[in-house]
1. Sort B:201-208, B:110-117, A:46-53, A:179-186 for me by packing, meaning the mean count of neighbouring Cβ atoms within 10 Å per residue, highest on top.
2. Per DSSP H run of n ≥ 4, the term is -39500 (n - 2.57); total these for chain B, divide by its residue number, and report the mean residue ellipticity at 222 nm rounded to 500 deg cm²/dmol.
3. Would you work out if the stretch B:14-76 is rounded, prolate or oblate? Take a ≥ b ≥ c from the square roots of the eigenvalues of the alpha-carbon gyration tensor; rounded if a/c is under 1.5, else prolate when a/b is larger than b/c, oblate otherwise.
4. Which shape class, rounded, prolate or oblate, goes with chain B when its Cα gyration tensor gives a ≥ b ≥ c as root eigenvalues, a/c under 1.5 marks rounded, and past that a/b bigger than b/c marks prolate?
5. How would the stretch B:132-201 be classified by its alpha-carbon gyration tensor: rounded, prolate or oblate, with rounded meaning a/c under 1.5 and the a/b versus b/c comparison settling the rest?
6. Quick one: putting +1 on the C-beta of Lys and Arg, -1 on the C-beta of Asp and Glu, what dipole do you get for the stretch B:132-201 around its Cα centre, in Debye to the nearest 20?
7. So how long is each side of the protein assembly as shown along the principal axes, counting just the alpha-carbon atoms, biggest first, in Å?
8. Grab the DSSP H runs of chain A that are 4 residues or longer, score each as -39,500 (n - 2.57), total them, divide by all residues and round the 222 nm result to the nearest 500 deg cm²/dmol.
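Values quoted throughout were computed directly from the atomic coordinates according to the rules given, and no laboratory measurement underlies them. Being a predicted model, the structure only gives us computed values, none of them experimental. Cβ placement follows ideal geometry from the backbone for every residue including glycine, while neighbour counts extend to all protein chains displayed.
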Amino acid sequence: MDNRLSAKDFINIGIFTALYFLLFFVTGMIGYVPVFMLLIPALCPFVAAVAFMLYLTRVNKFGMVTIMGTLLGLLMMLTGHPWTIIPFAIGFPLLADLVLKAGNYRNWTSIRLGYILFSQWLMGLVFPLFFMRDSYFASLRDGYGDTYADTLLSITPPWVFYLMFILVAVGALAGAYFGKALLKKHFQRAGMA
Amino acid sequence: MELITSANRDLSAFPLDPRTKILLLLCANVVIIGGGFSGTAGIIRALFASFPLFLLLLERKWRAAAFYTLFIGTAMACEILLLQRTAGIWNLLIVIFSGIFSRFVPGLVMGFYVVSTTKISEFIAAMERLRFPPALIIPFAVMMRFFPTVKEESAAIGDAMKMRGIRMGGGNAIAMLEYRVVPLLISTVKIGEELSAAALTRGLGGPGKRTNICEIGFRLRDWTLCAIAVSALLIWMMGGTA
């Protein structure tokens, strides 16, 4: 099989990245309701999983998942999200690509694991809230005093960051099952998957 | 979604090279996330936070500019006036609002400015000049082209559901997801296949260099803004290490 990506592959990447991003983005909107804020890391990968699962039925070459992640990162950065998204959006999808490739993009075990890995790209969005903030807090102390800085520190302890990794993984895993079920129910019958 | 669909319209009253916009976005991003409240760092942070405001004003996007001013003004006023006088849960809420949001909102508004004033072909032209590989440029172009399509399809599906008396909201959330997302995927994937055939007949993926109708280039205002942004970034970085 030819392993170079063709124009058709590029178009597929574009279409499914757009679908994934929109599902992700619309789900992310409900995060503005504060109660749901903590659920977002699990909810976004859950909903977007359908698009990803359908995408995988079109992927058979290494690199397509990585390009999808890179595009998501670029798009996030263009819309003004923290630049830390870029290494996350390249690194985790690349790992996912390797895992998926090992299962030839069809093996169910590697699809589950691959989607969990892929979904971790969104951690780049929250990374600056938890890390790279020493200078920020130092100058915050100068400007606003200890209470302010301590409160801000206390509501964002690093363990929440690691908890979010787990939330993402849980949401992604549930999404993978849900997406697969939908694929089976609708798309295979329609001959699309 | 307005910010993405409007990327197609030619709205710019103060045209800048897309690369200038991206550079400004990057500098603002690094500085505002990296933070710094006091001394030079504070001034430079304020400078970068004011960039989106000026650019929005130059583009005559009054509403966005007003919202941004209101938001940042409220956040800063909260920090300065209310923080010392409140305690408990109110204090916590103000800290969350002003502390976290003021770090993210200037970047988001800058991003809104960039995507709402740049045409897709301008992005493509800029990416080509910046030597991005075609493996990124082609999917990027398709993706941008696809956002409005997905939005249209989604609205059509919403209408169809309304006619049959199926409404959003009440009922099972998972079922709603299924009703909305499955038809959306089916119709967009189909459109995608047609698009793909159309693009191939027009020579996408063929050998040879593709041309672009958009002329982009640096003008005096681009050089000036880049110079300001880069020097401010350098001062900020030196201030950070010293």
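1. Listed from highest to lowest mean packing, they are A:46-53, B:110-117, A:179-186, B:201-208.
2. -24000 deg cm²/dmol
3. Note, shape of the stretch B:14-76 comes out oblate.
4. Here chain B falls in the oblate category.
5. Cα axes put the stretch B:132-201 in the prolate bin.
6. So the dipole magnitude of the stretch B:132-201 works out to roughly 220 debye.
7. Cα extents, longest axis first: 63, 51, 46 Å.
8. The helix contribution divided over chain A gives -23500 deg cm²/dmol.
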